[in-house]
1. Return the whole-Å distance between the Cα centroid of the range 87-105 and the Cα centroid of the range 2-39.
2. For Ala31 and Arg63, compute 0.36 nm times the residue count separating them, minus their Cα-Cα distance, and round to one decimal in nm.
3. Listing Leu13, Leu80 from the residue with the fewest other Cβ atoms within 10 Å to the one with the most, what is the order?
4. May I ask you to list the trypsin sites (Lys or Arg not before Pro) in the range 12-66 that are in a DSSP loop and have at most 13 other Cβ atoms within 10 Å of their Cβ?
5. Ordered by packing density, taken as the mean number of other Cβ atoms within 10 Å over each peptide's residues, highest first, how do 24-32, 97-105 rank?
6. Taking the Cα centre of the chain as the origin, how large is its charge dipole in debye, to the nearest 20, when only Lys and Arg (+1) and Asp and Glu (-1) carry charge on their Cβ atoms?
7. With unit charges on the beta carbon (Lys/Arg positive, Asp/Glu negative), name the residue among Leu35, Gly106, Leu14 whose Cα is farthest towards the positive pole of the charge dipole of the range 2-108.
8. Please label the shape of the range 11-68 as rounded, prolate or oblate, based on the square roots a ≥ b ≥ c of the eigenvalues of the alpha-carbon gyration tensor (a/c under 1.5 means rounded; beyond that, a/b larger than b/c means prolate, else oblate).
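Read-outs throughout are calculated quantities, based only on the coordinates presented, and are distinct from any laboratory measurement. Keep in mind it's a predicted model, so treat the numbers as computed, not measured. Reconstructed Cβ throughout: ideal geometry from the backbone, glycine too, with neighbour counts over all protein chains shown.
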Amino acid sequence: MKILQLIGVMLSLLVLGAHFLRGGATYLVVAIVVLLMLLAVRRPWAARTVQVALLFGTAEWLRTLANLTRVRMMIGEPYLRMLFILGIVAAVTLLSAAAFQFGSLGRMYGLGKNRATD
């Protein structure tokens, strides 16, 4: 189960990195690469850093969703499919952050009361 949660975290970071790359924010793409490498560090601070970044990523997806929906509504283009897709992406990113808090992934990084590994 840990590997599936870790893959979800990695995919969330990669999709966020692609979003930043498309927007031309190279420094944020570099930050995403650093966060991906940080997943190899099995320490609580590393997990919390990635978790906080994923929470900011969720906020970025919701901001993007609101902006694109507003623009599409103003110009009369369809927006429901985009709203649905970005909503799912934001939810998956949020669940990836929660995996450190509630899943076995948190124990792997030494978070929580029980610091034993699976």
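1. Here the two parts' Cα centres lie 14 Å apart.
2. Taking 0.36 nm per residue and subtracting the Cα distance, the gain is 9.6 nm.
3. Numbers: Leu13 23, Leu80 9.
Ascending number of Cβ neighbours within 10 Å: Leu80, Leu13.
4. Arg42
5. Ranking, from highest mean packing down: 97-105, 24-32.
6. 280 debye
7. Positive-most Cα among the choices belongs to Gly106.
8. Details: a/c = 2.87, a/b = 1.63, b/c = 1.76.
Note, shape of the range 11-68 comes out oblate.
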